[in-house]
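Notes to accompany the following structure.
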Amino acid sequence: MAIKLVTTAAELRAESARLLAEKRGSSQGLVPTMGALHTGHAALARTAVEQNDVVVASIFVNPLQFGEAADLERYPRTLDADMALLDAEGVDLVFAPSVDEVYPGGEPLVRVTSGPLGEKWEGASRPGHFDGALTVVAKLLHYGLPGGPAADGGAAAYRAYFGQKDAQQLALVKRMVADLSFPVDIVAVSTVRNAEGLALSSRNRFLSEEEREAALALSRALRLLESHALANEPLELDTAVALVESQPLVKLDYFDVVDPRTLEPLAENCKETPFRGEGLAIIAAQVGPVRLIDNVPLSS
Ligand code: AMP
């Protein structure tokens with residue numbers, strides 16, 4: 001394997017500087033993950049490798065963003081397989097720090113506050129989740145800064161890659177980077193799905209065969225809205241909601257059409273009159289032991 005594993009921020013910086021110099025590179029990409037990687041993560045890595053001379057993937061299961069201790073404990077950890085997947089995509093470095101490396105003084109007193117955008121939807125069901133997620137993303141964006149100059153002596157370009165799958169996280173990361181002037185470009189990568197339409201997720205492995213089948217209602221309902229939007233028809237959200245609710249194994253939490261940046265629901269008449277413009281259909285449901293989220297951008 002050409003890929004190299006580093007576990008401290010100091011090693012990451014030194015290796016990044018060495019690689020930028022060795023490759024005479026002018027750009028670095030960061031792909032933050034929690035590991036248990038699948039084809040969705042591979043798409044992020046591939047995009048980063050296409051667009052940058054040096055690519056770092058981080059693997060860190062962040063205790064700060066988990067509500068229940070049990071969810072944190074059972075989160076899958078598959079470092080060897082993750083390294084092989086990232087190596088196959090051409091990633092240069094894996095940064096897999098310990099909890100002590102990231103939080104040497106224990107839980108941080110000062111954190112990033114996600115504000116009203118972090119309190120709705122996923123935030124309403126998972127209080128504190130986005131403050132924890134943004135706090136670690138802020139730290140990872142700092143760790144992943146290019147360790148040295150570009151080959152021409154100027155500053156190396158810096159990009160970080162996030163999945164559209166986690167639409168609220170993506171919107172929040174974009175706001176944090178803009179509001180707090182982080183020197184990084186955020187690149188969004190489309191959601192990767194299995195052949196039946198289920199959005200890939202590290203937690204899907206906990207679904208039984210029956211639950212996996214039932215979970216397909218989420219992407220089917222989203223596709224229904226997408227087809228109405230593309231055809232400039234009323235979205236018929238009620239029909240899509242009924243489709244999901246007809247599955248006894250699926251407990252719907254929310255399903256709505258929102259503004260992609262503010263995540264505020266679009267006015268009711270946008271759902272009842274022919275759809276025009278931009279929107280984002282978002283859905284979350286409990287299926288067996290797993291909370292599933294999915295979304296689809298709508299445009300006409
Ligand atoms: P996670 O390891 O689940 O925290 O995810 C790490 C990154 O991969 C996040 O930016 C996710 O949005 C992204 N990601 C997870 N699942 C998918 C998927 N099915 N398609 C595209 N990106 C994904």
Just wondering, is there one or more residues in the range 221-233 that are closer than 20 Å to His41 by Cβ, within 16 Å of the ligand (Cβ to nearest atom) and out of contact with any strand residue (DSSP E or B) (no Cβ under 6 Å at 6 or more places or on another chain)?
no
Note on the range 45-55: residues outside any helix (DSSP H, G or I) and in contact with a Leu (Cβ under 8 Å, 6 or more places away or on another chain) are Asp53, Val54, Val55
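Let's see how each residue does on (1) more than 12 Å from the ligand (Cβ to nearest atom); (2) of a type outside the set (S, T, N, Q); (3) under 16 Å from the mean Cα position of the chain (by Cα):
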{"site": "His38", "(1), (2), (3)": "no, yes, yes"}
{"site": "Arg46", "(1), (2), (3)": "no, yes, yes"}
{"site": "Gln51", "(1), (2), (3)": "yes, no, no"}
{"site": "Ile59", "(1), (2), (3)": "no, yes, yes"}
{"site": "Ala88", "(1), (2), (3)": "yes, yes, no"}
{"site": "Tyr103", "(1), (2), (3)": "yes, yes, no"}
{"site": "Arg111", "(1), (2), (3)": "yes, yes, no"}
{"site": "Ala133", "(1), (2), (3)": "no, yes, yes"}
Residue list for the range 259-272, restricted to those being without any contact (Cβ under 8 Å) to a residue 40 or more places away in the chain and touching a strand residue (DSSP E or B) at 6+ places or on another chain (Cβ under 9 Å):
Asp259, Glu264, Pro265, Leu266, Cys270, Lys271
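If you take the residues in the range 249-300 that are of a type in the set (Ser, Thr, Tyr) and part of a strand (DSSP E or B), which one is modelled with the lowest pLDDT?
In the first step, residues of the range 249-300 are kept if they are of a type in the set (Ser, Thr, Tyr); the result is 254, 262, 273, 299-300.
Now narrow it down to the ones that are part of a strand (DSSP E or B): 254, 299.
Values: Tyr254: 98, Ser299: 90.
Filtering first and then ranking leaves Ser299.
Quick one: in the range 180-209, which of the residues that are in a helix (DSSP H, G or I) and touching a residue at least 12 places away in the same chain (Cβ under 8 Å) is most open to solvent (accessible area, probe 1.4 Å)? I'd like the intermediate steps shown before the answer.
Here is the first cut: in the range 180-209, the ones in a helix (DSSP H, G or I) are 202-206, 209.
Going one step further and asking which of them are touching a residue at least 12 places away in the same chain (Cβ under 8 Å), we end up with 202-206.
Working: Ser202: 9, Arg203: 46, Asn204: 10, Arg205: 122, Phe206: 66 Å².
Within the range 180-209, the match that is most open to solvent (accessible area, probe 1.4 Å) is Arg205.
Taking the range 17-44 on its own, how many of its residues are more than 11 Å from Val94 (Cα to Cα) and outside any loop (DSSP other than H, G, I, E, B)? Please lay out each step first, then the result.
Initial filter on the range 17-44 (more than 11 Å from Val94 (Cα to Cα)): 17-29, 34, 36-44.
After this cut, where a residue has to be outside any loop (DSSP other than H, G, I, E, B) as well, the list is 17-22, 27-29, 39-44.
Qualifying residue count, the range 17-44: 15.
Which count do you get for residues in the range 21-62 that are aliphatic (A, V, I, L, M), closer than 23 Å to Gly132 by Cα and open to solvent by 10 Å² or more (accessible area, probe 1.4 Å)?
Step one: list which residues in the range 21-62 are aliphatic (A, V, I, L, M), which gives 21, 30-31, 34, 36-37, 42-45, 48-49, 54-57, 59, 61.
Cutting the leftovers down to closer than 23 Å to Gly132 by Cα gives us 30-31, 34, 36-37, 44, 56-57, 59, 61.
Among the residues that remain, those that are also open to solvent by 10 Å² or more (accessible area, probe 1.4 Å) are: 34, 37, 44, 59, 61.
Final tally of qualifying residues: 5.
Out of Leu218, Leu140, Leu172, which single residue is open to solvent by less than 30 Å² (accessible area, probe 1.4 Å), within 14 Å of the ligand (Cβ to nearest atom) and free of Cβ contacts under 8 Å to residues at least 60 places away in the same chain? Steps first, answer last, please.
Details: Leu218 fails: free of Cβ contacts under 8 Å to residues at least 60 places away in the same chain; Leu140 fails: free of Cβ contacts under 8 Å to residues at least 60 places away in the same chain.
After applying the criteria, what remains is Leu172.
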Assess whether Val177 counts as being surrounded by fewer than 21 Cβ atoms within 10 Å (Cβ to Cβ), among the β-branched types (Val, Ile, Thr) and either in a helix (DSSP H, G or I) or away from the ligand (no atom under 13 Å from the Cβ) (or both).
yes
Counting just the residues of the range 1-13 that are open to solvent by 60 Å² or more (accessible area, probe 1.4 Å) and assigned to a helix (DSSP H, G or I), which one comes out farthest from the ligand (Cβ to nearest atom)?
Ala10
Please work out which one of (1) open to solvent by less than 10 Å² (accessible area, probe 1.4 Å); (2) of a type outside the set (Asp, Glu); (3) part of a loop (DSSP other than H, G, I, E, B) is the condition Ala229 fails and give its number.
(3)
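The values are calculated or read from the model by the stated rules, or taken from the named source; none is laboratory data. All of these numbers come straight from a predicted model, not from anything done at the bench. Using ideal geometry, Cβ is built from the backbone for each residue, glycine included, and neighbour counts are taken over all protein chains shown. All accessible areas refer to the heavy atoms of the entire protein, side chains included, with ligands and DNA or RNA removed. Shrake-Rupley method; radii C 1.70, N 1.55, O 1.52, S 1.80 Å.
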